[in-house]
Amino acid sequence: MAFSKFQAFYNHPAGPKTIHFWAPTFKWALNIANVVDISTKPAETVSYPQQAALACSGLIWAKYSTVITPKNWNLLGVSFAMFATASYQLSRKIQHEFTNASTVAKEY
C-alpha cells in the first residue's frame, strides 16, 4: 500500500522526476530566508522593491499553479507562502516608517 502511494507520487507528472517538482521545492529557500529575516533583520533594512517583487511573484505563480495541468500543489503552497512572508515584511517596513515619521514630527 505505502509502496503504491510512493510509486504514484514518484511517477506523477509533477513528481520528483520533473522540474515541476524541484523548482518549487528549492523556491522554499526564499521563504525560509524571509522568515529568518523577520526575526533577525531590522525593519528599516527591508527592501521595498525586493519584497514587492516577491509578493507579486507569489500571487502570479499561485494563480498559475491552479490553472495548469497537472495542478502543482507544491507550487501553489510555496507561492502563497512567498506572498504571505513578503507581504508581512512590507507591512513591517511600512509600520516602521509611519511610527518613525510620527516620532520625528513630534520633535518639531
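The values are calculated or read from the model by the stated rules, or taken from the named source; none is laboratory data. Everything numeric in this text was worked out from a predicted model, so none of it was measured. Positions of Cβ are generated from backbone atoms using ideal geometry, with glycine treated the same way; all protein chains shown enter the neighbour counts. The protein model used for the area step is the full one, side chains on, heavy atoms only, and it has no ligands, DNA or RNA in it. Shrake-Rupley method; radii C 1.70, N 1.55, O 1.52, S 1.80 Å.
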Quiz item: What is the residue count in region 63-76 for residues that are buried (at least 21 other Cβ atoms within 10 Å of the Cβ) and of a type in the set (S, T, Y)?
Solution: 1
Quiz prompt | Pairs where the first residue, in region 10-25, is within 11 Å of K71 (Cα to Cα) and in contact (Cβ under 8 Å) with a residue 60 or more places away in the chain and the second is part of a helix (DSSP H, G or I) and among the hydrophobic types (A, V, I, L, M, F, W, C), C-beta under 7 Å, 6+ apart | solution = A14/F21
Practice problem: Could you tell me which of the residues S79, S91 is free of Cβ contacts under 8 Å to residues at least 60 places away in the same chain, surrounded by fewer than 19 Cβ atoms within 10 Å (Cβ to Cβ) and either touching a Lys or Arg at 6+ places or on another chain (Cβ under 8 Å) or of a type in the set (S, T, N, Q) (or both)? | Solution: S91
Quiz item: Somewhere in region 85-92, is a residue closer than 26 Å to A14 by Cα, hydroxyl-bearing (S, T, Y) and part of a helix (DSSP H, G or I)?
Solution: yes
Quiz item: When residues of region 1-40 are filtered for being assigned to a loop (DSSP other than H, G, I, E, B) and open to solvent by 60 Å² or more (accessible area, probe 1.4 Å), how many remain?
Solution: 5
Quiz item: When both residues are 6+ apart or on different chains and their Cβ atoms are under 9 Å apart, which pairs have a first residue that lies in region 46-62 and is free of Cβ contacts under 8 Å to residues at least 24 places away in the same chain and open to solvent by 100 Å² or more (accessible area, probe 1.4 Å), and a second that is of a type in the set (S, T, Y) and part of a helix (DSSP H, G or I)?
Solution: I60/S79; W61/S79
Quiz prompt | Output for region 65-98, where each listed residue is modelled with pLDDT of 90 or more, over 11 Å from P24 (Cβ atoms) and of a type outside the set (A, V, I, L, M, F, W, C) | solution = T66, T85, S87, Y88, Q89, S91, R92, K93, Q95, H96, E97
